[in-house]
Structures are given as structure tokens and as C-alpha cells.
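Asks: Below is the structure I would like to discuss, written out as C-alpha cells.
The values are calculated or read from the model by the stated rules, or taken from the named source; none is laboratory data. Being a predicted model, the structure only gives us computed values, none of them experimental. Positions of Cβ are generated from backbone atoms using ideal geometry, with glycine treated the same way; all protein chains shown enter the neighbour counts.
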Amino acid sequence: MYSDILDKVFSSKEVGEYLINGGLENSVDYIEELIFCSPISIKDKLEMLMQVEDDVRKDEENLTHSSEDGTITEHDRWRHRYRIERYDGFLSALKLALEQQVKEGVFVVESGDYDSDVCDIDTSFESIFATYDEAIDWIHQDITIDEYTPDDTHWYEVSAWTKNDVGKYEQICSYIIINGEVCFAWIADEYARKNNIQYYHSEYEINVGVPFVAGDIIEVNAVPFCPKYKALVTSIGDNRDCCCIQVMTCDASGVWKNGALKHNFVATHTYPFISPLYTASRYCGELEPDEIILKQLQSYINGSEERGDKLNDYLFCKDRTTAELKEFIKEQEDV
């Protein structure tokens, strides 16, 4: 079910195929969230959301399978209402954003870059245009002139402003452009509040099962919002739980920390946020000298959740250096 959609939204073939093949009993409860939060064209998102509308509104999981005898509790009703509100908010946001593309107004273009020196984003004002098409044309020219590629940590944001009923300009939405394609559209908070659009652009986490095991080295491709990074899966735990799937990552200062992959509690934070689950894949290539510790810890864990949990305990609330991790391995071998 949803195989075409999952194949489109997950660039990680491992995660996508795992879900398509029924991994964790096909843990795709809220397909609309996987669509809306994915880094693909907003036109494709709207089309896919329309495809799943019947499934969302019927909401079989909450309305008929919520208890052993088939009765519906008040909590189930609330979950159903909340799901419909979010789905309608997703539709409203995308439709509104697409409508603004054919209106005149003020379209402000900014560019964003990931600054590896400070491990943070750097935004710059670029220009102002009277139409969306003019803004996008300028972006395409800038990509060509500066020879940006899909591997560069560079993107654009276009803010759309139009006159309201009293003749004052107000911000309607912002578009995030990746490789010349609009992949995210955010409705301005004030506009959403005034127009009762149930939509929150900060909620881009997704929760699906993954095919990884303790000890896997994975690579996450968060480009353009930060460089690719590697992580060690220390434990899986309850694959359905949002706080499980613990990973260890290294920050720019060279210290290692662990956290929940689904919550993006990793050393390299990104904004705008793309869930690591869309791109996470097992990494079997060569490691950089400062990453060799990942291989050593992989050998130590060797697929054991118990050993992975020991490493989690060692990292809990305390960042560790590579030297400390080597000492940890030695101590465990001596036990």
C-alpha cells in the first residue's frame, strides 16, 4: 500500500523499501505527514495528498480498530478530529502557497548557506520582485551563474507579500527552494492564525520504523541545509517509539554525543528541518581518520542491543572524546 508514494518521498531506498514491504507491519499510520514533510515538490505533495484523502477521512485505524470490541473511545474521536484538522491544514497551506504564485505583490528573495566554520546557517538578502515568476527566474539564473550543484549546501527562500483588505502589505507565505524546485511552503504564522489555518510549519518530524540494527553505521544526507554526516546506531529499542533508535554522532569540536534519530537529536542540527529518516542509509564505504572510532564501536556492539545500551549509558548527558570512547571499548573488553 502506498508503494508509489513511499518510493517518491523516501530517497533512502532502504527505509522506503522496508515500509513498502510491510516492515514493522507497514508502520505507515499517517501517510499524509510523510508526504507533507518530505523534501519534494509542493505540487507533487498536493497531488499525493489528494490521492490519500479517502483513506485519511475514513481513518480506519482510529474509527474501527481502536479497541478489541470495536468500540470508539473519546480519545479515538479526538485523534481522528486532530488528524483531519492537520490534513486539512496541509491542503490549505499548499493550495494557498500555489495560489500566491500567480498573484502580483512583493516577493523577497534570500539565499541560505551552511557555514561549516560556525556550524550554522548564514542567510543573505538578494533582491525583490513584483511576481513569483520573476523571483524564480532570478534564482535559476543565480544557480547557473554561480554553478551551484545538488551537492552544495545552498538554498533560497522567497517570501510572498500581498496587500490585504485595507491596502497594507502582509506576509502570506514563504517558499524554500532546493535545486531550483519549491520543496516547502510555510504559511506565515499571523496569516494562518487570522484565517484559522491549522498548520504548524515547525512540526516536521515523522515516526516510522526503520530497517537498521544496533551497530549499523548510517549516512544522513541533509544537504542543502547541512553537509552529509555519519552516525552509529547504538540501539533500536521499540522501533515504533519516537524516542528510540538512538544514534551517536560527532559535532564540529570533535566530541561525540547520542540522541534520538527521529527527533533529530544529533550533533548536526539543520534548519529548515528535514527528518533524517527520509535519507538515512547504511554506510559501507571508507571512513575518514576521525571516523574510524565508528568502526571500532560497531565491532564492539556487533548487533547487540545490550552492548548498545551500555554505550548509550556511557554517553548519557555527557559528551565524549574519541580517546574516551577508545578507553570505554578497552574497559569493556577487559570485563
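Asks: Tell me the residue from Ala135, Ala160 that is under 22 Å from Pro39 (Cβ atoms), in a helix (DSSP H, G or I), out of contact with any Leu (no Cβ under 8 Å at 6 or more places or on another chain) and not assigned by TED's automatic domain parsing to the domain that holds Asp59, please.
Replies: Ala135
Asks: Is it the case that the range 281-299 has a residue that's within 23 Å of Asp113 (Cβ to Cβ) and crowded, with 22+ Cβ neighbours inside 10 Å?
Replies: Checking the range 281-299: not a single residue is within 23 Å of Asp113 (Cβ to Cβ) and crowded, with 22+ Cβ neighbours inside 10 Å.
Asks: Restricted to the range 145-157, and to residues that are hydroxyl-bearing (Ser, Thr, Tyr) and assigned to a loop (DSSP other than H, G, I, E, B), which residue is farthest from Tyr229 (Cα to Cα)? Full working, then the answer.
Replies: Keep residues of the range 145-157 that are hydroxyl-bearing (Ser, Thr, Tyr), which gives 148-149, 153, 156.
If we keep only those that are assigned to a loop (DSSP other than H, G, I, E, B) too, we end up with 148-149, 153.
On the way: Tyr148: 20, Thr149: 18, Thr153: 13 Å.
So the residue we want is Tyr148.
Asks: Checking Ile274 against (1) touching a residue at least 60 places away in the same chain (Cβ under 8 Å); (2) closer than 16 Å to Thr322 by Cα, which test does it fail?
Replies: Every listed condition holds for Ile274 apart from (2).
Asks: Among the numbered conditions (1) aromatic (Phe, Trp, Tyr); (2) closer than 29 Å to Tyr87 by Cα; (3) in the same structural domain as Lys295 (by TED's automatic domain parsing), tell me where Trp186 comes up short.
Replies: For Trp186, the exception is condition (3).
Asks: Okay, next question. Looking at the range 230-272, which of its residues are touching a Ser or Thr at 6+ places or on another chain (Cβ under 8 Å) and within 22 Å of Tyr30 (Cα to Cα)?
Replies: Within the range 230-272, Asn239, Arg240, Cys244, Ile245, Lys262, Asn264 qualify.
Asks: Still on this model: Could you name every one of the strands (runs of 3 or more DSSP E) located completely within the range 195-304 that has at least 2 residues being under 21 Å from the mean Cα position of the chain (by Cα) and under 20 Å from Gly16 (Cβ atoms)? Quick ask: steps written out before the conclusion?
Replies: Details: elements: 217-220, 229-235, 246-250, 256-260.
The strands (runs of 3 or more DSSP E) meeting that bar are 217-220, 229-235.
Asks: Another question, if that's okay. Considering only residues that are closer than 19 Å to Thr149 by Cβ and touching a Gly at 6+ places or on another chain (Cβ under 8 Å), look in the range 113-123 and name the one that is surrounded by the most Cβ atoms within 10 Å (Cβ to Cβ).
Replies: If we take residues in the range 113-123 being closer than 19 Å to Thr149 by Cβ and touching a Gly at 6+ places or on another chain (Cβ under 8 Å), then Ile121 is surrounded by the most Cβ atoms within 10 Å (Cβ to Cβ).
Asks: Which of (1) of a type outside the set (D, E, K, R); (2) in contact with a Gly (Cβ under 9 Å, 6 or more places away or on another chain); (3) at pLDDT 95 or above; (4) surrounded by fewer than 20 Cβ atoms within 10 Å (Cβ to Cβ) is the odd one out, the single condition Asn302 does not satisfy?
Replies: (3)
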